[in-house]
1. Tally Lys and Arg at +1 and Asp and Glu at -1 over the other residues with C-beta under 12 Å from the C-beta of Phe68: what net charge comes out?
2. Using 1/(1 + (r/R0)^6) with R0 = 22 angstrom and r between the beta carbons of Glu79 and Ala42, what's the FRET efficiency to the nearest 0.05?
3. At 222 nm, what value in deg cm²/dmol follows for the chain if DSSP H runs of at least 4 each add -39500 (n - 2.57) and the sum is divided by all its residues, to the nearest 500?
4. Note the full-extension length gain between Val102 and Asn35 as 0.36 nm times their separation in residues minus their Cα-Cα distance, in nm to one decimal.
5. From the Cα gyration tensor of region 18-89, with a ≥ b ≥ c the square roots of its eigenvalues, which class applies: rounded if a/c is under 1.5, or else prolate if a/b is larger than b/c, or else oblate?
6. Along the charge dipole of the chain, pointing to its positive end and built from +1/-1 on Cβ of Lys, Arg, Asp and Glu, which listed residue (Phe54, Ile44, Tyr77) has its Cα farthest out?
7. Mind checking which of Leu61, Leu45, Leu84 has the largest fluctuation in a GNM of the chain, springs on alpha carbons under 10 Å?
8. Would you grab the residues whose amide H sits under 5 Å from the one on Phe10? Only those 5+ places off in sequence or on another chain, please, with H modelled 1.01 Å from N.
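Laboratory data are not the source of any read-out in this text; all were calculated from the coordinates shown. These numbers were taken from a predicted model, which means no experiment stands behind them. Reconstructed Cβ throughout: ideal geometry from the backbone, glycine too, with neighbour counts over all protein chains shown.
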Amino acid sequence: MYTWTRVARFKNVSSMMIGMPICVSIVEHLKTVLNQDASLMAPILGGHPARVLFVIRSDDLNKNMDGFDRANQDAKYRELLGKLSGHVDGAATNDQVWKKVV
């Protein structure tokens, strides 16, 4: 099992209020149109409170990569990212890929 994560930090709380519905739309689009096992998480303890975690899981790393390629070619996905971009701090964005060991 592979888990891809992206932490996106909002510029401020006002940006978070505007950006959260866009984040939800991105995850819904990944799930329904691009068939990704995607979810959105919000912090409860520790760290900056105005941030979200996008999570995509797959049994096959190649399936993840294929999904990312399809997403990058998808006009609606790119439109949603464009809407979100004005509300997040790109310097505080972090991507990781994890592999389940046990």
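1. Values: positive: Arg6, Lys63, Arg70; negative: Asp66, Asp69, Asp74, Asp95.
Around Phe68, the charge tally is -1.
2. Details: r = 23 Å, r/R0 = 1.06.
Computed FRET efficiency for Glu79 and Ala42: 0.40.
3. Theoretical 222 nm ellipticity from helices: -14000 deg cm²/dmol.
4. Details: separation 67, 0.36 × 67 = 24.12 nm, distance 2.55 nm.
The span from Val102 to Asn35 would gain 21.6 nm if fully extended.
5. Values: a/c = 2.24, a/b = 1.34, b/c = 1.68.
Note, shape of region 18-89 comes out oblate.
6. My answer, from the dipole projection, is Ile44.
7. Maximum among the listed residues: Leu45.
8. Answer set, sorted by chain and number: Arg51, Val52, Asp89.
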